[in-house]
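Below: the structure, in structure tokens.
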Amino acid sequence: MIAGSDKELRLLDKTVYEFARKQLAPSREENDLFPYGPFFNSTLEKAFEADFFHTILPERLSGMGHGISAFCILLENICREDSSLAGIIFTNSVSQEIMLLAESENLLEKIITAANTVKDFLIAFPVFNNPTERNPLLSAEKSDESYFLSGSIEYLVLGSIANYALLPAKLSEIIGYSFFLIELSDKGVQKSEPVQSLGLHSCPAIDIKLENVKGQLVGKKGKGNVYFEKMSDRMHVAAAAMSAGIMKGSFKEAFEYSRKRFQGGREIINWSEMKMIQANMALKEKISEMIVSRACHAVDNKEPGWEESSRAAALHVQEMACNLTTDGIQALGGVGYMKDYGQEKRFRDAKHIQALLGIVPLRKIKYIEKKMK
Amino acid sequence: MISRSELKKLIQREPKFDDIMCSLQMGPKIPKAMIGETKKVVAIARKFNDEVVSPYVLELDSKMHEDPEFLPWDFVEQANKWGFYTMWIPKIFGGKGYNFPSLSYFLEEIGSVCLSMANLIGVHYLGFATLTATWHTPIIKKLCNDVAQGEKNGLPCLISLATTEPDAGTDVEEVELLDKGSVTCHAKRVNYGYLVNGSKVFISNGHISQWHILIAYSNLEKASENAVVLAVKSGNKGFSFGRQEHKMGQKGCPASELIFKDCFISDEYVCLDSNQLSKGKQKRSNKELFMQVLDSVLAVSRAGVGAFGTGAARGAFEQAVKFALETEVDGKLMINFEWVQCVLAEMYKNVIVSRLTYVESNYANCLYGFYKILQKKVVFYSLKFTPIFLIKKFISPLLEKPLATSFFRKIQMDMLKDEAMHRTSGWASLSKFTTTDAGVKNCQMALEIMGQAGLRHDKRTEKLLRDAKLLQIYEGTNQLNRLNVFKCLIAGKNPKVVMFEE
């Protein structure tokens, strides 16, 4: 993401990268052990104190009031070293974005104002799923003025560390689904252990079962899909920024390693095939940077077709990241596969992030179907 | 229409008929019983998958996440109980003598469920193949006897290959790079043996093997001309294990550091000394001999990795089909969408094409490789139907004699044509990079279709991707294997071609 001439964005760019380098990189291997190792509570708190979680919130909600460009700069720089923290910030922001689109600002404000620690602030969400793609959804029943949710949800991201969750559920006799906010401490909530996953180990997800758990309706009944799609339009470019950050980190590590490692009597970068591999990585990294910057500009300035730009950026850059990180391991040979280096984690995280906001082929189908309307 | 001389000339033109038609040539020569034997091997593999691999695969992987130092002794013992460590050792060396090509089909089957466990068994045969490629029959007999004993007494005896060094990965697999590289595992000639100092890294099965076929060098400045192959037993004075690597995948197969500090190996366990060998009447130089040994091993082992890659591609394909059959989108079954059917067809193609390459590589080895003698019908059927007690009484004792070593080295090394070596080596490399790229590709495609479900460990697919990536790296990176294909099958004798310069 190119910060350009905007001073605030350039400062943010530098600050976040320093944080990633100093706070995330040294303990990356240790943090990746979760759930078989400790959770990185202190790093999370530091990120919260640095206002990373407030980047995209409007000023009236104690946010920084920056547009999507700032948010992308934040996520990209974090992902250069450890995408798990970016996953947490992204998921929470998705929940907040939906609540704002659903005009439930008062509800969101209560959560933000009451938050003393980062965990009080977080709202869990099944961010790897588009609710229309999966059946069955939770069911919601109205009783007096309250709603009660039952059923099960797989892979609720931040479910083990957040106080709240924003969940899609089906009200009987209402077409479409609705969003509800629940408290995860409700006695009707059964939580699983953190789900062992491919990547983003420290951005934990759990499965939950609900039995008559009280929920607050967020937005209008049956309009869940509208809010989700509008949120997706904006947040796709943020997912692209995460992938672009991983690409930056992977290329940097591969390039530096290949200039130091000797095989056949010379630095491996001086073999022409390695030059070609590194060149392809460098090109992908540069192109992704340009794509994300352009898409952010389109989103922030509400250019015609900005929604398409945001989605196209994500679909393309995420795929490039999966390919680049494969080469990122390959360039380091055997050590690239080992956990003491950052490349294998970037490979896993790139693939993991590709699944954000729904199944890739279905997102592509949706993209062309929108053009058909 | 065409004269004999014209025919000969035309089929020698690129692509050479013999290079591209191994399966056609091998067809009529295949002992018919090999087919039945191979079917049996596939059936045994599937049963082993059902009863042992599939129920344990996720548990083992989780255990390794939790404790990266864990060693899978339970599984090692299970595979021993099922007789897998002797299954492909020829009867003359005390094994069960199943045909060597059938090992590939076995590895594909196991690999489609768990590459760790497939690799654990496969790597034992990498050690065995390296040992055999030296043709030192008394040592081969001794080690194989230990493996057979281990099966009888329930104490598994595995053989590993120790070649990679901290500063020499790619370099140790190609003699043209070896002397430019930086190997440090020194075997100093002393009275009655060698004194070894140095270390080896990323050695598959290191911590769980009892014998290690170690490639060291008596002169580190000119390593390619001074290679020494030694059989080192675990527990040998001066030999210890260092760290166990923390890998992204294939966690159930340990990757070990081996440390040698004034480790004495007696002449009794010197499998091959390229200096001593070339003083005999071998027609090749030290360097060429050593490359020949490497090539004959890699021609077999890379075909084995070809089977792993096919297994990975197949496992991913099967998971994707399962998911598409169980999942609804917009109220319709996913598998009924054309785009899904096309993706699955593409994945299926990757599996089939991969399998074809390792099968063709196997045929090349049957015709020209170091186990070709076992594929001759007369030898195959003789060994198959000769009772074990007769083999032990009349053939095995002959293997103790130096004459047996000379005989095998004469026919397997000296009489081997360069063309034949290039064919087997080139096909193995082709299979290796084709199938492993396909394996990783299929895993990525499966995860794309599965979305959120694919990210979960309990759905098995993310583990396949983590495991599959290593296939593109070991047994020579895919880049090195491409260069080997160029060297062996494309460059020919063109005087303008120079390898390993740019």
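The values are calculated or read from the model by the stated rules, or taken from the named source; none is laboratory data. No experiment lies behind these values; they were computed from the predicted model shown. Because the Cβ atoms are built from the backbone with ideal geometry, glycine has one as well, and the counts that use them run over all protein chains shown. Ligands, DNA and RNA are stripped out before the accessible areas are found, and what is left, the full protein with its side chains, is counted by its heavy atoms. Shrake-Rupley method; radii C 1.70, N 1.55, O 1.52, S 1.80 Å.
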Residues with amide H under 5 Å of residue B:242's amide H, sequence separation 5 or more or different chain, H placed in the peptide plane at 1.01 Å from N; which?
B:257, B:258, B:259
Given A:170/B:332; A:209/A:302; A:364/B:47, which pairs have Cα atoms separated by over 29 Å?
A:209/A:302; A:364/B:47
Treat every Asp and Glu Cβ in chain A as -1 and every Lys and Arg Cβ as +1, leave all other atoms uncharged, and give the resulting dipole magnitude about the Cα centre to the nearest 20 debye.
880 debye
When a/c is below 1.5 the answer is rounded, else prolate if a/b is larger than b/c, else oblate, so apply that to the range B:63-137 with a ≥ b ≥ c taken from the square roots of the Cα gyration tensor eigenvalues.
prolate
Provide A:316, A:236 ordered by accessible surface of protein heavy atoms (probe 1.4 Å), highest first.
A:316, A:236
For the range B:170-294, what is the charge dipole size about the Cα centre, in debye to the nearest 20, if Lys and Arg each add +1 at the Cβ and Asp and Glu each add -1 at the Cβ?
220 debye
What FRET efficiency comes out for the pair residue A:105/residue B:326, r = Cβ-Cβ distance, R0 = 35 Å, nearest 0.05?
0.30
Heavy atoms of the protein only, probe of 1.4 Å, neighbouring chains included. What is the accessible area of residue B:221 in Å², nearest 10?
150 Å²
Share of chain B's accessible area from carbon and sulfur, percent, 1.4 Å?
58 percent
Could you name the lysines in cross-link range of residue B:152, using Cα to Cα under 19 Å and dropping any fewer than eight places away on the same chain?
B:81, B:91, B:96, B:141, B:142, B:392
Given the whole protein assembly as supplied and a 1.4 Å probe, what does the accessible area of residue B:456 come to in Å², nearest 10?
20 Å²
Longest to shortest principal axis, alpha-carbon extents of chain A, angstrom
78, 47, 38
Assuming 0.890 mPa s and 25 °C, estimate D for the range B:261-342 with Stokes-Einstein, Rh taken as the Kirkwood radius over Cα pairs, in µm²/s.
137 µm²/s
DSSP-loop trypsin sites (Lys or Arg not before Pro) across the range B:346-429, with at most 14 other Cβ within 10 angstrom
B:376, B:417
Each label point is 7 Å from the Cα along the Cα-to-Cβ direction; what then is the distance between the points at residue B:3 and residue B:395, in nm?
4.6 nm
Within the accessible area of chain A, what % is carbon and sulfur when the probe is 1.4 Å and the other protein chains stay in place?
50 percent
Within straight-line cross-link reach of residue B:188, aspartates and glutamates at Cα separation under 15 Å, skipping those fewer than 8 residues along the same chain:
B:221, B:225, B:262, B:267, B:273
Could you tell me which of the pairs B:376/B:417; A:119/A:286; B:39/B:384 are separated by over 26 angstrom between their Cα atoms in the structure shown?
A:119/A:286
Helix A:83-101 versus the longest principal axis of chain A: what is the Cα-based angle in degrees, 0 to 90, to the nearest 10?
40 degrees
When the charge dipole of the range A:191-281 is computed with +1 on Lys and Arg Cβ and -1 on Asp and Glu Cβ about the Cα centre, the Cα farthest towards its positive end, among A:265, A:196, A:216, belongs to A:216
Of B:200/B:222; A:187/A:230; A:284/B:349, which ones are farther than 23 Å apart at the Cα?
A:187/A:230; A:284/B:349
Taking the alpha-carbon centroid of each part, what is the distance from the range A:26-42 to the range A:122-187 in angstrom?
29 Å
Going by average Cβ density within 10 Å per residue, which order do the peptides B:268-275, A:164-171 take, highest to lowest?
A:164-171, B:268-275
How much accessible area does residue A:148 have with a 1.4 Å probe, in Å² rounded to the nearest 10?
60 Å²
Kindly identify residues of the range B:335-357 having a loss of at least 30 Å² in accessible area between the isolated chain and the assembly of all protein chains, probe radius 1.4 Å.
B:339
How many Å² of accessible area per residue for the range B:1-108, probe 1.4 Å?
52 Å²
Apply the a/c threshold of 1.5 to the C-alpha gyration tensor of the range B:383-423 and tell me whether it is rounded, prolate or oblate.
oblate
Given Cβ charges of +1 for Lys and Arg and -1 for Asp and Glu, the option among B:17, B:98, B:2 whose Cα lies farthest towards the positive end of the dipole of the range B:1-138 is B:2
If you take the accessible area of A alone, add that of B alone, and subtract the area of the pair, what total do you get in Å², probe 1.4 Å, to the nearest 100?
4400 Å²
Spatially proximal lysines relative to residue A:14 (Cα-Cα < 16 Å; intrachain offsets below 8 disregarded)
A:22, A:248
Distance from the range B:100-117 to the range B:65-88 (C-alpha centre basis), Å:
15 Å
Sorted by accessible area with a 1.4 angstrom probe, largest first, how do A:341, B:98 fall?
A:341, B:98
Rounded, prolate or oblate: which one fits the protein assembly as shown, using the alpha carbon gyration tensor with axes a ≥ b ≥ c (rounded when a/c is under 1.5, else prolate when a/b beats b/c, else oblate)?
prolate
